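Here's the structure, in structure tokens; my notes come after.
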Amino acid sequence: MNLPNKLTVFRIFLIPVFMLLIICGWPAGSFTLAGTTIYWSRVVAMIVFAVASATDWFDGHIARSRNMVTNFGKFADPLADKMLTMTAFIFLVSLNLAPAWIVAIIVCRELAVTGLRLIVVENDGEVIAAKMPGKIKTTCQMLSIIFLLFGDIFHIGTVLLWLALIFTIYSGIDYFRGSWSVFKGSM
């Protein structure tokens, strides 16, 4: 297993660590910043999430710059991103930090695109690599989660969440439009 794929697996490993920090509420306590109460447990979870998110950039950069792109990486990297962001969004809803309807749209799109990728692999034998709108979507999602966990100071997390929603919908449509041929023979 090459380094980019190890980073992808590491990102997946950090998901339960992130979950435990949110569930356990460790460390306890809070502080106030710009009139917003910030909970230490969310800051620590945010740091773990940020580290996991950073591995997404590093694994992609290393894979492309060193010609280490693999089919495993093309499939597992976006899957790891989806697992990480969907987990975080579900916890944000439980903490009343994100509206459930936005998270539902995001989760449905992620599942639909993952299903589409599987259909394309089965029909064409080709793994769909992430496109630029999908990369922007992932970046907006990850940054919105980070800022929402940090108390949504100046509503930066909310603005990023709305941008994430827009790019989630746009990139989902883009993936399906680009792969519509796999459905023509099935209908």
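Quick notes
- Selection status of THR114, among the polar types (S, T, N, Q), within 27 Å of LEU33 (Cα to Cα) and out of contact with any Asp or Glu (no Cβ under 7 Å at 6 or more places or on another chain): no
- Test set (1) more than 24 Å from PHE49 (Cβ to Cβ); (2) crowded, with 18+ Cβ neighbours inside 10 Å; (3) modelled with pLDDT of 95 or more - ALA164 fails condition number: (1)
- Identity of the residue in region 85-130, under 16 Å from the mean Cα position of the chain (by Cα) and among the aromatic types (Phe, Trp, Tyr), that ends up surrounded by the fewest Cβ atoms within 10 Å (Cβ to Cβ): PHE91
- Note on region 1-118: enclosed helices (runs of 4 or more DSSP H) holding 2 or more residues that are in contact (Cβ under 8 Å) with a residue 60 or more places away in the chain, within 25 Å of TRP162 (Cα to Cα) and among the β-branched types (Val, Ile, Thr) are 3-24, 71-94.
The rows are residues; the columns are (1) over 21 Å from VAL69 (Cα atoms); (2) modelled with pLDDT of 95 or more; (3) more than 20 Å from the chain's Cα centre (by Cα).
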site	(1), (2), (3)
MET1	no, no, yes
LYS6	no, yes, no
VAL9	no, yes, no
ILE12	no, yes, no
PRO16	yes, yes, no
PHE31	yes, yes, yes
ALA34	yes, no, yes
THR37	yes, no, yes
TRP40	yes, yes, yes
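- In region 56-71, the residue that is surrounded by the fewest Cβ atoms within 10 Å (Cβ to Cβ) out of those that are farther than 22 Å from LEU118 by Cα and polar (S, T, N, Q) is ASN67.
- Pair list, Cβ < 9 Å and 6+ apart or interchain, from region 164-187 residues that are under 17 Å from CYS108 (Cα atoms) to residues that are among the acidic types (Asp, Glu) and at pLDDT 90 or above: THR168/GLU110; GLY172/GLU110
- Apart from one condition, LYS82 fits all of (1) crowded, with 21+ Cβ neighbours inside 10 Å; (2) under 18 Å from LYS131 (Cα atoms); (3) of a type outside the set (Gly, Ala, Ser); the exception is (1).
- ARG42 more than 22 Å from LYS131 (Cα to Cα) and not hydrophobic (A, V, I, L, M, F, W, C): yes
- Scoring ASP152 on the criteria (1) on the phi < 0 side of the Ramachandran plot; (2) buried (at least 17 other Cβ atoms within 10 Å of the Cβ); (3) modelled with pLDDT of 90 or more leaves a single failure, condition (1).
- Lone unmet requirement of (1) in contact with a Cys (Cβ under 6 Å, 6 or more places away or on another chain); (2) within 18 Å of MET83 (Cα to Cα) for ARG117: (1)
The values are calculated or read from the model by the stated rules, or taken from the named source; none is laboratory data. These numbers come from a predicted model, not from an experiment. Ideal geometry is used to build each Cβ from the backbone, glycine not excepted, and the neighbour counts take in all protein chains shown.
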